[in-house]
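J.: My structure is below; once you've seen it, I'll send some questions.
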Amino acid sequence: MLGYARVSTRDHNLGLQIEALERFGCRHIFQEKLSATSKKRPELAKLWRELRPKDTLAVWRLDRLARNAREMLNRVQELDDRGVRLVSLTESIDTATAPGKLMLAVLAAMAQFERDLTSERTAAGIRRLQAAGKAQDAWTKKFDREKMAKALLKGETADEFAARHGVTRAAVYKAMSPELRRKLLALREKKPKRRGRKLKR
C-alpha cells in the first residue's frame, strides 16, 4: 500500500490527504508541494520507480497524479499494464473492480476523442491557410500593378489600399515591384520632418 499526496503550493496543508491515506492503510506516503504543471515531480518519480506488480497506489484525487487528461490516461494505463491497483479515495475509483475498469475505458475513449478533435482542427486550420494563401497569390498575379503604383505614389498608404481591395497589407507589399519600393522610400525621405511649434513669449 503506497500513497501519494500533493498540494499546489507551500501555503496549502497536506494533512487532510495524509490522514485519509493513512486511514486507507498506506504504509508509505510520498508527499509533494508542487503545482501540477511542474514538469519535475521528484517524489512522484521515486514512487513510480518503487511500484511493483500487485502493489496498490492510493491518491486522494486522480488529479494529484497528472497535469492534464492525456497524462492521466497514460499514467493510469501504465499502472494497469504493470499490474498495479489504483485507488482514488475521493472519487471512489478502484481499478481492481469492474467499475474501475470501465473508468479506464471511458478515459481512453475521451483521450482518443481529444486527439481526433485536435487533428481535425489542425487539418482545418491548414486548409484555411492554404486557401487564403492561394487567394492572395491569385490577387497578386492578376492585379494591375500600375494602378497600385499610382495610388501609393499619390499618398495612399499600403494599409488603406489593402482595406479598399479587401486584401492584407502583406499581399500589397508582395505585389510591389522593387522599383516602386525604391520610389516610395525616396518619397518618404523627401518629406519634411515635422517640427514642434515654437511657443510665443
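J.: Give me the extension gain from Glu146 to Glu43: residue separation times 0.36 nm, minus the current Cα-Cα distance, reported in nm with one decimal.
T.: Extending this stretch completely gives an extra 30.2 nm.
J.: Follow-up. Considering only Cα-Cα distances, which of the following residue pairs are longer than 20 Å: Lys33/Lys54; Lys150/Lys183; Lys147/Lys190; Lys46/Lys101; Lys147/Lys174; Lys40/Lys101?
T.: From the list (Lys33/Lys54; Lys150/Lys183; Lys147/Lys190; Lys46/Lys101; Lys147/Lys174; Lys40/Lys101), the Cα-Cα distance tops 20 Å for Lys33/Lys54; Lys147/Lys190; Lys46/Lys101; Lys40/Lys101.
J.: Taking R0 as 25 Å, what's the FRET efficiency between Asp80 and Arg27 from their Cβ-Cβ distance, rounded to 0.05?
T.: Given R0 = 25 Å and the Cβ-Cβ separation, E is 0.70.
J.: Can you pull the Rg over Rh of the range 1-115, Cα-only, Kirkwood? Mind dumping the intermediate values first?
T.: Working: Rg = 13.5 Å, Rh = 14.4 Å.
My calculation of the ratio gives 0.94.
J.: May I pose another question? Could you tally the net charge around Gln17, taking each other residue with its Cβ under 9 Å from the Cβ of Gln17, Lys/Arg +1 and Asp/Glu -1?
T.: For residues surrounding Gln17, the net value is +2.
J.: What nm value, rounded to one decimal, do you get for the distance between Asn68 and Tyr173 when each label is placed 7 Å out toward the C-beta?
T.: Those two pseudo-labels are separated by 3.2 nm.
J.: Also, quick follow-up: Identify the trypsin sites (Lys or Arg not before Pro) of the range 1-88 meeting these criteria: DSSP loop state and at most 12 other C-beta atoms within 10 Å of the C-beta.
T.: Arg10, Arg27, Lys39, Lys40, Lys54
Where a number appears in this text, it was derived from the coordinates with a stated rule and is not lab data. Every value quoted in this text rests on a predicted model; they were computed, and no experiment measured them. Because the Cβ atoms are built from the backbone with ideal geometry, glycine has one as well, and the counts that use them run over all protein chains shown.
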